[in-house]
Amino acid sequence: MAALQSSIDSVRIAALAADKMKATDIVAFDVSQPLGITDIFMIASARNERQVLAVAEEIEKKLYEAERLQPREREGLTEAQWVLLDYGDFVIHVMHDETREFYNLERLWKDCPLIELDLPEEPAPVTAQDSPEAVRA
């Protein structure tokens, strides 16, 4: 059984949010065949802990705004090396570059189909309203 279209649509929203916050190497795998407990794993990288948190926050915000979705579980917010957002039908991993390189999750899911995320060629610009500094002002 392939990933549900609703999961694919939600992951595309998450991927666009990650892209907006300048996450890199954003990929999603249809893991419904080998796992059966979730449809999709999405992985995105960030350069530092602050960006890891900003990307995860933007993903949560956009999924809530678009579909009123909230993660069932959120892990890794304290260390900000690897934030996991579990939405049940899909799981989002936002990883520090070095952590992603070390764990190499793509190796585990290389036999699973990739999901086309329909991301723009160029990352979306971050506006002053979206930046973490704007929240402090």
Note: Asp9 to Thr38 extended length (0.36 nm per residue) minus current alpha-carbon separation gives 9.0 nm
Value at 222 nm in deg cm²/dmol, rounded to 500, when DSSP H runs of n ≥ 4 in the chain each add -39,500 (n - 2.57): -11500 deg cm²/dmol
Can you give me the angle between helix 5-20 and the longest principal axis of the chain, using Cα atoms only, in degrees from 0 to 90, rounded to the nearest 10? 30
Pairing the Cα long axis of helix 49-67 with the longest principal axis of the chain, what angle in degrees results, from 0 to 90 and rounded to the nearest 10? 70
Fraction of beta bridges assigned by DSSP in the chain that are antiparallel (%, nearest 5): 65
Regarding the range 1-57, what are the three Cα extents along the principal axes, ordered largest first, in Å? 37, 19, 17
Among the trypsin sites (Lys or Arg not before Pro) within the range 44-124, which fall in a DSSP loop and have no more than 11 other Cβ atoms within 10 Å of their own Cβ? Arg68, Arg72, Lys110
Give me the 1.4 Å probe accessible area per residue for the chain, excluding ligands and nucleic acids, in Å². 57
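The values are calculated or read from the model by the stated rules, or taken from the named source; none is laboratory data. The structure presented is a predicted model; accordingly, all values stated were derived computationally and were not measured. Using ideal geometry, Cβ is built from the backbone for each residue, glycine included, and neighbour counts are taken over all protein chains shown. Protein only, heavy atoms only, side chains kept; ligands, DNA and RNA dropped before computing areas. Shrake-Rupley method; radii C 1.70, N 1.55, O 1.52, S 1.80 Å.
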